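The values are calculated or read from the model by the stated rules, or taken from the named source; none is laboratory data. All of these numbers come straight from a predicted model, not from anything done at the bench. Cβ placement follows ideal geometry from the backbone for every residue including glycine, while neighbour counts extend to all protein chains displayed.
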């Protein structure tokens with residue numbers, strides 16, 4: 001459909017109401033090229049309770065435009081709350097999902113968190129301008145473990161200020177597998193004081209992912225005021241359910257389809 005790095009020659013918008021769907025194809029100037037209307041079947045009587053909590057995720061280095069197309073289409077079909085993509089794909093995903101309820105999230109400082117705060121702020125600004133309404137930033141893990149807490153707090157705060165003035169929310173990725181419980185608690189408290197909207201377990205690119213114990217700890221620290229996102233290694237409905245029961249109110253996963261299909265099977 002497009003070459004990586006270039007403006008799409010065309011893009012689709014899909015809107016639905018009950019069993020009716022209209023797909024409109026626009027050229028790069030926004031002119032209508034094609035419109036298709038079709039019935040997509042009645043919604044399952046037992047709709048997924050988890051779908052809206054899932055950030056359908058594609059953060060692989062080798063992600064292609066076809067893979068991003070598939071991600072976005074799956075999000076539309078299954079009613080996921082958001083897609084989460086690298087910054088390069090934000091504008092493309094935004095155009096694909098225009099007219100739908102699916103939000104676009106982008107990662108910042110990913111996956112190491114070790115770049116400058118100025119770089120993270122610019123990345124945040126760029127992603128929001130391209131259409132992201134949620135920013136998943138990696139905190140500066142090395143500075144946290146060094147005890148340089150002012151640096152950690154300023155890093156988060158600057159991203160939060162940039163995002164909030166543009167009406168986007170911020171999820172702070174702790175990379176819990178690299179932290180002690182004391183460091184996890186400190187990171188949660190700093191993120192809360194810095195005004196972040198969520199704390200999140202993992203990038204999925206380190207030595208471990210979300211655990212029930214970490215979710216329970218994070219929820220107990222931040223209380224009801226903040227969101228808690230479980231991500232990394234969540235592949236089944238049972239995995240997701242355990243995270244929700246422990247206190248997560250958002251799930252980051254590349255296995256969202258399997259999760260909701262298993263949910264509906266069990267509920268049925």
Checklist entry - Which pairs do you get when a residue that is over 22 Å from residue 110 (Cα atoms) and in the same structural domain as residue 49 (by TED's automatic domain parsing), found in the stretch 70-85, comes within reach of a residue that is modelled with pLDDT of 95 or more and not in a helix (DSSP H, G or I), reach meaning Cβ atoms under 7 angstrom, with the pair 6+ apart or on two chains? => result 74/56; 75/56; 75/83; 75/102; 76/102; 80/54; 80/56; 80/102
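Sort through 192, 145, 184, 165 and tell me the only one that's surrounded by fewer than 16 Cβ atoms within 10 Å (Cβ to Cβ), free of Cβ contacts under 8 Å to residues at least 40 places away in the same chain, more than 19 Å from residue 125 (Cα to Cα) and in the same structural domain as residue 82 (by TED's automatic domain parsing).
Numbers: 192 fails: surrounded by fewer than 16 Cβ atoms within 10 Å (Cβ to Cβ); 184 fails: surrounded by fewer than 16 Cβ atoms within 10 Å (Cβ to Cβ); 165 fails: more than 19 Å from residue 125 (Cα to Cα).
Testing whether each residue is surrounded by fewer than 16 Cβ atoms within 10 Å (Cβ to Cβ), free of Cβ contacts under 8 Å to residues at least 40 places away in the same chain, more than 19 Å from residue 125 (Cα to Cα) and in the same structural domain as residue 82 (by TED's automatic domain parsing) leaves just 145.
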Next on the checklist: Anything in the stretch 139-170 that is more than 17 Å from residue 107 (Cα to Cα) and in contact with a strand residue (DSSP E or B) (Cβ under 6 Å, 6 or more places away or on another chain)? List them, or say none.
Outcome noted: none
Next on the checklist: Please go through the stretch 90-101 and give me each residue that is touching a residue at least 40 places away in the same chain (Cβ under 8 Å) and in a loop (DSSP other than H, G, I, E, B), ordered by number.
Outcome noted: 98, 99, 100
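The rows are residues; the columns are (1) closer than 27 Å to residue 15 by Cβ; (2) touching a strand residue (DSSP E or B) at 6+ places or on another chain (Cβ under 8 Å); (3) in the same structural domain as residue 184 (by TED's automatic domain parsing).
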position: 91; (1), (2), (3): yes, no, yes
position: 117; (1), (2), (3): no, no, yes
position: 124; (1), (2), (3): no, yes, yes
position: 127; (1), (2), (3): yes, yes, yes
position: 132; (1), (2), (3): yes, yes, yes
Checklist entry - Counting just the residues of the stretch 248-268 that are in contact with a strand residue (DSSP E or B) (Cβ under 7 Å, 6 or more places away or on another chain) and crowded, with 18+ Cβ neighbours inside 10 Å, which one comes out farthest from residue 79 (Cα to Cα)? => result 248
Checklist entry - Before we move on, is residue 55 loosely packed, with under 15 Cβ neighbours inside 10 Å and at pLDDT 95 or above? => result no
Next on the checklist: Regarding the stretch 28-49, can at least one residue be identified that is in contact with a strand residue (DSSP E or B) (Cβ under 9 Å, 6 or more places away or on another chain), within 23 Å of residue 235 (Cβ to Cβ) and modelled with pLDDT of 95 or more?
Outcome noted: no
Item to check | Unmet requirement for residue 224, which otherwise passes all of (1) under 24 Å from residue 51 (Cα atoms); (2) without any contact (Cβ under 8 Å) to a residue 60 or more places away in the chain; (3) under 16 Å from the mean Cα position of the chain (by Cα) | outcome: (3)
